[in-house]
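A.B. asks: Here it is: the structure, laid out below.
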Amino acid sequence: MPIRSDSDIVMIRQKTRVWATEQGFGLVDQTKIVTAASELARNALVYGGGGTVRLEALNDGMRKGLRLTFEDRGPGIPDIELAMKAGYSTGTGLGLGLSGAKRLCNEFDLHSTVGEGTQVTITRWK
Ligand SMILES: Nc1ncnc2c1ncn2[C@@H]1O[C@H](COP(=O)(O)OP(=O)(O)OP(=O)(O)O)[C@@H](O)[C@H]1O
Ligand SMILES: [Mg+2]
């Protein structure tokens, strides 16, 4: 799905909610995934100049999960450790998006190359 506007973020929130429901996540877990997705989509839009998200339904034989991969071809993040710190923002936000998204998921993977872009993958297992 594309991330180009606020309405795309609304769509991503809705789709994530539906997929999480279909994977059998309860209301609290659904909200955690949706919140994390919302933060990462907004980052891709605001800092990355837009991008894409891929949703994957997982089943490793033991449990079900949901994986979301956000990609943008923006400026990248020069200092990932700093960007991950709660309260750090180069914009007008509170600087809680990345750290919050990480806390709300089971797996969090961030790759970024300055001048090329940023990829963030989050996974939540049921
Ligand atoms: N996709 C991205 N591309 C480039 N820089 C990014 C990206 N995502 C995050 N950043 C950088 O990391 C910082 C921290 O991101 P984070 O989401 O934690 O906070 P924020 O977006 O500034 O504020 P909040 O999310 O609380 O509104 C951002 O201010 C920005 O400098
Ligand atoms: Mg943010």
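The values are calculated or read from the model by the stated rules, or taken from the named source; none is laboratory data. All figures in this text were calculated on a predicted structure; none of them were measured in a lab. Every residue, glycine as well, gets a Cβ built from its backbone with ideal geometry; the counts of neighbours run over all protein chains shown. To get the accessible areas, we keep the full protein, side chains included, count just its heavy atoms, and leave off ligands, DNA and RNA. Shrake-Rupley method; radii C 1.70, N 1.55, O 1.52, S 1.80 Å.
A.B. asks: Excluding residue 92 itself, calculate the net charge of residues whose Cβ lies under 15 Å from the Cβ of residue 92, where each Lys or Arg counts +1 and each Asp or Glu counts -1.
C.D. replies: Taking every other residue near residue 92 into account, the sum is 0.
A.B. asks: Can you give me the angle between helix 6-22 and the longest principal axis of the chain, using Cα atoms only, in degrees from 0 to 90, rounded to the nearest 10?
C.D. replies: Its long axis makes an angle of about 30 degrees.
A.B. asks: Taking the Cβ of residue 49 as the centre, find all other residues whose Cβ is under 14 Å away and add up their charges (Lys, Arg: +1; Asp, Glu: -1).
C.D. replies: -1
A.B. asks: Order the following by accessible area, largest value first: 12, 77. Probe radius 1.4 Å; ligands, DNA and RNA are ignored.
C.D. replies: The residues order as 77, 12, largest area first.
A.B. asks: Rounded to a whole number of µm²/s, how large is the Stokes-Einstein D of the chain at 20 °C and 1.002 mPa s, given Rh as the Kirkwood radius over C-alpha pairs?
C.D. replies: Diffusion coefficient, whole number: 148 µm²/s.
A.B. asks: I've got another one for you. At 1.4 Å probe size, with every protein chain present, just tell me what the per residue accessible area of the chain comes to in Å².
C.D. replies: Accessible surface, normalised per residue, equals 56 Å².
A.B. asks: With +1 on each Lys and Arg Cβ and -1 on each Asp and Glu Cβ, how big is the dipole of the chain about its Cα centre, in debye rounded to the nearest 20?
C.D. replies: That gives the chain a dipole magnitude of about 420 debye.
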